[in-house]
Amino acid sequence: IAERRKIGMIFQNFNLFSSRTAAKNIAYPMEICGLEKSYIASRTQELLNLVGLEGRGDASISTLSGGQKQRVAIARALAVKPDILFCDEATSALDPQTTRAILALIKDIQKKMNLTVVMITHQMEVVRDACSRVAVLDGGSVVEEGVVTDVFAQPKSEVTKDFLSSLTNVRESIVRWSTEGGHYILRFRGSTTDDPIISNVSNETKAVFNIRAAGVQTVEGEDMGVMVCDIGPQEVKEKALLALRKAGVLVEEV
């Protein structure tokens, strides 16, 4: 039991007691632990302030928005000062704006309290905006893991590539390819997203790039870009691919 108390849990559907106020929901784990009432009151107010719910301690759960309910759930999970915080699809029931606010709150709490936060999610936006490392599971097995920026820049498994395509809406499956030339996915990282690499390579090699889709996103403060394109004609294609790789572009043939 002592070891379990070192783990906090945030659920997808909040799992709050509707019969208790926000403050009493937060206080519940401390009551179970038999802590003194004066400490519980002080700690509860501290947590309400931490999650941005000052003055809402006496509010009934039914009067709170989804984002406020999740803030109560976060405060409750932190009540007994855990070492690890598990977030099980903690933002999947929230709208995009509230999701961003909750993720920012969790990141801020992680830094302030030096917590290990484990996020279970199907939303790659959550991984991008809140995580430093990622493990991708498929069929119950880990198919890829590593630093988020490395995995986003150079995904290896097909399931990871499919997940990432949802972020930029650059999906090979929706692209109509030309009948000539080679079909490629180009991945850019850091400064290569700003450099005129395609123009330079085209001028240097006389290759023609037919861009089908492209997008850029920021991951852990680093820009990541992806482009789906045809490259031709055949007689200069290999020269163009070599020039792209020399410029730091990851080239993947489709």
Can you tell me which of Gly57, Gly34 is modelled with pLDDT of 95 or more, assigned to a loop (DSSP other than H, G, I, E, B) and either farther than 23 Å from Thr98 by Cβ or touching a helix residue (DSSP H, G or I) at 6+ places or on another chain (Cβ under 6 Å) (or both)? Gly57
Any residue in the range 87-107 that is assigned to a strand (DSSP E or B), of a type in the set (Asp, Glu) and either surrounded by 14 or more Cβ atoms within 10 Å (Cβ to Cβ) or touching a Pro at 6+ places or on another chain (Cβ under 6 Å) (or both)? yes
Note on the range 1-16: residues at negative phi and either surrounded by 13 or more Cβ atoms within 10 Å (Cβ to Cβ) or hydroxyl-bearing (Ser, Thr, Tyr) (or both) are Arg5, Ile7, Gly8, Met9, Ile10, Phe11, Gln12, Asn13, Leu16
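Could you please find all residues in the range 133-157 being of a type outside the set (A, V, I, L, M), in contact (Cβ under 8 Å) with a residue 12 or more places away in the chain and farther than 14 Å from Arg189 by Cα? Reasoning before the result, please.
Kept after step one, since they are of a type outside the set (A, V, I, L, M), are these residues of the range 133-157: 133, 138-141, 144-146, 149-150, 152, 154-157.
Subsequent filtering for residues that are in contact (Cβ under 8 Å) with a residue 12 or more places away in the chain retains 133, 138, 144-146, 149, 152, 154, 156-157.
Within the range 133-157, Arg133, Asp138, Glu144, Glu145, Gly146, Lys156, Ser157 meet the criteria.
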Test for Glu172: is it at pLDDT below 90, surrounded by fewer than 20 Cβ atoms within 10 Å (Cβ to Cβ) and either closer than 23 Å to Glu238 by Cα or assigned by TED's automatic domain parsing to the domain that holds Ser92 (or both): yes
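Taking the conditions exactly as written (without any contact (Cβ under 8 Å) to a residue 60 or more places away in the chain and exposed (fewer than 15 other Cβ atoms within 10 Å of the Cβ)), does Asn25 satisfy them or not?
Numbers: without any contact (Cβ under 8 Å) to a residue 60 or more places away in the chain: yes; exposed (fewer than 15 other Cβ atoms within 10 Å of the Cβ): no.
Taking the combined requirement at face value, the residue does not satisfy it.
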Given the condition at pLDDT below 95, surrounded by 13 or more Cβ atoms within 10 Å (Cβ to Cβ) and closer than 30 Å to Glu220 by Cβ, answer yes or no: does some residue in the range 39-48 qualify? no
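Please work out which residue is modelled with the lowest pLDDT, limiting yourself to the range 122-142 and to residues that are surrounded by 15 or more Cβ atoms within 10 Å (Cβ to Cβ) and not in a helix (DSSP H, G or I). Give the derivation first.
Residues of the range 122-142 that are surrounded by 15 or more Cβ atoms within 10 Å (Cβ to Cβ), as a first pass: 123-131, 134, 136.
From what's left, not in a helix (DSSP H, G or I): 123, 131, 134, 136.
Values: Gln123: 86, Cys131: 92, Val134: 95, Val136: 95.
Among residues in the range 122-142 that are surrounded by 15 or more Cβ atoms within 10 Å (Cβ to Cβ) and not in a helix (DSSP H, G or I), the one modelled with the lowest pLDDT is Gln123.
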Do you know which of the residues in the range 108-121 that are touching a residue at least 24 places away in the same chain (Cβ under 8 Å) and of a type in the set (S, T, N, Q) is surrounded by the fewest Cβ atoms within 10 Å (Cβ to Cβ)? Thr116
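The values are calculated or read from the model by the stated rules, or taken from the named source; none is laboratory data. Computed from a predicted model, the values in this text were never measured in an experiment. Note that each Cβ is placed from the backbone with ideal geometry, even for glycine, and that neighbours are counted across all protein chains shown.
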